[in-house]
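**Student:** After the structure tokens below, expect a handful of questions from me.
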Amino acid sequence: MFSVTFTGDVIKSVGEELWKEVENAYTDSGKITDEILSALSFVYQSSLLPALDLVDHRNVSHLTSPSGRSIYQVIGSSGTPYTCFTTSRYCSCPAFRYSVLMKDDH
């Protein structure tokens, strides 16, 4: 048996490619294939299902300013709104603070 270790840059690149596939699949058919969901699950592991649940419950809003800047507002499971900045890859939620900033896990 062997073990594979991925660097943060590799996971970031894989994640970016996967999100392009998600966008293309959804644009083409309005659906995301089981194959893509499986790949997302492999890359994002335990954080994927809670994130998809937020999307399913329509708790994610994309906001765009007249200047073209864009952010996402996510209403967390507690009802608290959080802001996600795509350009800086930051979210104000406790899960991001713990998993990414403190543990450098995702």
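Every read-out reported here was derived from the displayed coordinates using simple, explicitly stated rules and does not represent laboratory data. Remember, predicted model here, so these are calculated numbers, not experimental data. So basically every Cβ, Gly included, is an ideal-geometry build from the backbone, and we count neighbours across all protein chains shown.
**Student:** How about the stretch 6-71: which chymotrypsin sites (Phe, Trp or Tyr not before Pro) there are in a DSSP loop, with at most 15 other Cβ atoms within 10 Å of their Cβ?
**Tutor:** The qualifying sites are 6.
**Student:** Something else: So what are the ³J(HN,Hα) numbers for the stretch 25-39, from phi and the Karplus equation (6.51, -1.76, 1.60; θ = phi - 60°), rounded to whole Hz, Gly and Pro as x?
**Tutor:** 5, 5, 5, 6, 10, x, 9, 10, 6, 4, 4, 5, 4, 5, 5
**Student:** Taking the Cα centre as origin and putting +1 on Lys and Arg beta-carbons and -1 on Asp and Glu beta-carbons, what dipole magnitude results for the chain, to the nearest 20 debye?
**Tutor:** The calculated dipole for the chain is roughly 460 debye.
**Student:** Using only the Cα atoms of the stretch 24-104, what are the Rg and Dmax in Å?
**Tutor:** Considering the stretch 24-104 through its Cα atoms, Rg and Dmax are 14.0, 38 Å.
**Student:** Provide the per-residue ³J(HN,Hα) series for the stretch 43-50, in order, calculated from phi with Karplus coefficients 6.51, -1.76, 1.60 and θ = phi - 60°, each as a whole number of Hz, with x at glycine and proline positions.
**Tutor:** 3J(HN,Hα) across the stretch 43-50, in whole Hz: 6, 9, 6, 5, 7, 5, 4, x.
**Student:** Taking every pair of distinct Cα atoms and averaging 1/r, then inverting, what Kirkwood hydrodynamic radius in Å comes out for the stretch 8-58?
**Tutor:** One decimal place: 11.5 Å for the Kirkwood radius.
**Student:** Going by Cα centres, the stretch 32-106 and the stretch 14-31 are how many Å apart?
**Tutor:** Each part's Cα centre sits 16 Å from the other's.
**Student:** Where does the Debye-calculated log10 I(q)/I(0) of the stretch 57-106 sit at q = 0.26, 0.30 Å⁻¹, using only Cα point scatterers of equal weight, no solvent?
**Tutor:** Log10 of I(q)/I(0), two decimals: -1.01, -1.12.
**Student:** Only helical DSSP H runs with n ≥ 4 go in: add -39500 (n - 2.57) per run for the chain, normalise by residue count and round the 222 nm mean residue ellipticity to 500 deg cm²/dmol.
**Tutor:** -13000 deg cm²/dmol
**Student:** Oh, and also: Can you compute the modelled spin-label distance between residue 87 and residue 63, with each label point 7 Å from Cα toward Cβ, in nm?
**Tutor:** Label-label distance for residue 87 and residue 63, simple model: 1.5 nm.
**Student:** Place +1 on the Cβ of every Lys and Arg and -1 on the Cβ of every Asp and Glu in the stretch 40-106, take the dipole about the Cα centre, and give the residue among 100, 76, 88 whose Cα lies farthest towards its positive end.
**Tutor:** Ranked along the dipole, the leading option is 88.
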